[in-house]
Amino acid sequence: PNPTQEYLNYLDNQVLIVAQGRVKDLNALTMALALGYTFYDNYYVYGGLGALFPPLVKNCTLRTKERVLGVQKSGAHFLVYTTKKCYKGIKVIVNTTIFDTDFLTDKKLLQYYKKKRVFQPIQGACVIHAGIRLKDNFASHYQVIEQEKFPYTISNSMFVSFADLKDKQVSKDGVYPVTISIHTLITMWQLECKEEYEKRKRVLKEALLDSLCSNLEIEQEAIVFADIGTPLTFKRFAGRYSAGGIPTTQKNLKLSYPTFATPVEGFYHVGDTVFAGQGWPGVALGVKNLLKGIGE
């Protein structure tokens, strides 16, 4: 009945990870789901996340290093234009964010996604990928909460993930991968001055690593390398600025939250920017909704 400020601070930062919003902006169900997220047993993949996908796609035909340039409805079919050829199909499922759909050339679809820009992403993430010589096994994940916000972010909390010492697939000469992520605003990194951009990266990287070492008692000398990425890095490699889904705030849920369905028959959308949101459970549920909706 009388929670401490420290506990409220923890709740705020915990739901921010999953729901992309803070306690005051969320409803009770959303908060319950967000707080229960850590009880799932899918928090670690041996061999790294890349090891998860080969079994999922073993019966699929994959086309990699081939960028989609346009999708157009043509009669009962869709034409998908890429950097290599044109494909023809009766159904198309996209997994971009709803904000990164400018490659579509169908006017009806462009109008639909233009209306969804009311959810335009504001938040992104900065992520450090580090290699650390670990002597002791840490827990898989930590949430480190400081008193003050980290520079060039909107959070006083960073999320840290450690490799397991038993996971020799990801270790190289005793160096294990560790990631640190934190919420930021995309606009904090959309700078015209490259020197200022590099300075902000350096300052934030040092602040996060200092916090990691002081809170988890890791020697600075144990850090073999550490690279930091910003929303601009995500855009370069993943084609999107945001690293999470649409904030599931009460305000956004009232604004016709996107689903798998679109106004064009045979064209569907999955991923973390449509219902049921981000993370493995949310994305998987979204795919199950799609399969049920199209009767397959």
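The values are calculated or read from the model by the stated rules, or taken from the named source; none is laboratory data. Bear in mind the structure is a predicted one, so any value in this text is a computation, not a measurement. Don't worry about glycine lacking a Cβ; one is built from the backbone with ideal geometry, like all the others, and counts go over all protein chains shown. When the accessible area is computed, the model is the full protein with side chains, heavy atoms only, and any ligands, DNA or RNA have been set aside. Shrake-Rupley method; radii C 1.70, N 1.55, O 1.52, S 1.80 Å.
Phe225 to Ala238: extension gain in nm, 0.36 nm per residue of separation minus the Cα-Cα distance?
2.4 nm
Once you place label points 7 Å from the Cα toward the Cβ at Lys108 and Phe39, how far apart are they in nm?
Going by the 7 Å Cα→Cβ label model, 4.4 nm.
To check my understanding: the extent here is largest minus smallest coordinate of the Cα atoms along each principal axis. What are those three numbers for segment 228-269, in Å, largest first?
On the principal axes, segment 228-269 reaches 39, 30, 9 Å in Cα extent.
Measure off, as a whole percent, the carbon and sulfur share of the 1.4 Å-probe accessible area of the chain, all protein chains present.
Solvent-exposed carbon and sulfur of the chain make up 56 percent of the total.
Which of the lysines could a cross-linker span from Lys199 if the Cα-Cα distance has to be under 27 Å and same-chain partners fewer than 8 positions apart are dropped?
Cross-link targets: Lys149, Lys235.
What share of Cα pairs, in percent, lie more than 25 angstrom apart in segment 178-296?
45
Name the lysines eligible as straight-distance cross-link partners of Lys88: C-alpha to C-alpha under 18 Å, and not fewer than 8 places from it in the same chain.
Once the sequence-local lysines are set aside, what remains near Lys88 is Lys73.
Please give the charge dipole size of the chain, origin at the Cα centre, charges +1 on K and R Cβ atoms and -1 on D and E Cβ atoms. Round to the nearest 20 debye.
1740
Just reorder Met158, Met31 by solvent-accessible area, largest first, 1.4 Å probe, all chains present.
Met31, Met158
Straight distance only, please: which lysines reach the Cα of Lys292 with their own Cα at less than 16 Å, same-chain residues fewer than 8 apart left out?
Lys91
If the chain between Thr64 and Ala28 were fully stretched, how many nm would it gain, using 0.36 nm times the residue separation less the Cα-Cα distance?
Additional length available on full extension: 8.8 nm.
On a 1.4 Å probe surface of the protein chains, which of Tyr37, Tyr113 comes out largest in accessible area, and what is the full order?
Sorted descending by solvent-accessible area, the residues read Tyr37, Tyr113.
At a threshold of 8 angstrom on Cα-Cα distance, excluding pairs fewer than six apart, so keeping six or more, what relative contact order does segment 113-241 reach in percent?
So the answer I get is 35 percent.
Enter the accessible area per residue of segment 1-134 (Å², integer; probe 1.4 Å; all protein chains in place).
Counting only protein heavy atoms, the per-residue value for segment 1-134 is 65 Å².
Quote the relative contact order of segment 213-296 in percent (integer), defining contacts as alpha-carbon pairs under 8 Å separated by 6+ residues.
18
Take every Cα pair under 8 Å in segment 40-137 that's 6+ residues apart, average their separations, divide by the length, and report that relative contact order as a whole percent.
16
Tell me, what is the FRET efficiency for Asp173 and Glu206 to the nearest 0.05, using R0 = 22 angstrom and their Cβ-Cβ distance as r?
With R0 = 22 Å, the Cβ-Cβ based efficiency is 0.30.
Can you give the Kirkwood hydrodynamic radius of segment 103-210 from its Cα pairs, in Å with one decimal?
Taking the inverse mean of 1/r over all distinct Cα pairs, segment 103-210 comes out at 16.6 Å.
So how do 183-191, 163-171, 268-276 stack up, highest first, on mean other-Cβ count within 10 Å?
268-276, 183-191, 163-171
With the other protein chains left in place, how much accessible area per residue, in square angstrom, belongs to segment 192-271 at a 1.4 angstrom probe?
Per-residue value: 57 Å².
How would you rank 122-128, 102-108, 193-199, highest first, on the average number of other Cβ atoms within 10 Å across their residues?
Highest mean packing first, the order is 122-128, 102-108, 193-199.
At 1.4 Å probe size, put Cys213, Cys86 in order of accessible surface, largest to smallest.
Cys86, Cys213
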